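The values are calculated or read from the model by the stated rules, or taken from the named source; none is laboratory data. Everything numeric here is computed off the predicted structure, so don't read it as measured data. Virtual Cβ from ideal backbone geometry, glycine too; neighbours counted across all protein chains shown.
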């Protein structure tokens, strides 16, 4: 569907369904900014509606939140959503990060993150979700501020994502984020290359 050009970094062309091919792609933020997910298709005619400035803004916002996670000791952050598809103007970036249960359940994790974030967006409390014009789903504070939603994942805990597979089974975050919501097909995901506590 899309050809690679000299400025495309470490990601293959989107597949025939317009999805990042299934795999984990470990990218730094610089590599992500230079990937097909931001730069878009190489064909100027085909990509005339590709909203590169918006995708660049989403990556900047993701970087803000990821650096906050790094500062509290979280190293594994994954990102995708409609951003990992051929949508010219994706709504947002969805993703998850790997964390331990105790700081998550005690609220320590959200407290530490909110000390770093000026808008205090770190919460996953359903009561914190607010409507946004034109969207049927209520959104978390981090979505309203950054148009990014990152969810905690505790490996082995078996917490569902609320996303169902084609058989109606609830998926955990790693599985849920590796499939397209519109057609259930497998999709690739970006693993942010850990950059340390910067």
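Quick notes
- Lone qualifier among 27, 65, 69 - being under 17 Å from the mean Cα position of the chain (by Cα), at pLDDT 90 or above and closer than 18 Å to residue 187 by Cβ: 27
- Matching option when the condition is touching a residue at least 12 places away in the same chain (Cβ under 8 Å) and either in a helix (DSSP H, G or I) or closer than 30 Å to residue 49 by Cα (or both), among 143, 124: 143
- Boolean, residue 181 is closer than 30 Å to residue 49 by Cα, surrounded by fewer than 18 Cβ atoms within 10 Å (Cβ to Cβ) and over 19 Å from the mean Cα position of the chain (by Cα): no
- Scanning segment 70-85 for residues that are farther than 29 Å from residue 13 by Cβ and outside any loop (DSSP other than H, G, I, E, B) turns up at least one hit.
- For beta carbons closer than 8 Å, sequence separation of 6+ or different chains, a first residue in segment 164-193 that is at pLDDT below 75 and a second that is part of a loop (DSSP other than H, G, I, E, B) and surrounded by fewer than 16 Cβ atoms within 10 Å (Cβ to Cβ), the qualifying pairs are 165/184; 166/184; 171/165; 172/158; 172/159; 173/159.
- Any hit, segment 49-60, residues being more than 17 Å from the chain's Cα centre (by Cα), more than 21 Å from residue 143 (Cα to Cα), in a loop (DSSP other than H, G, I, E, B) and at pLDDT below 95: yes
- Qualifying residue in segment 90-113 (condition: crowded, with 21+ Cβ neighbours inside 10 Å and part of a loop (DSSP other than H, G, I, E, B)): no
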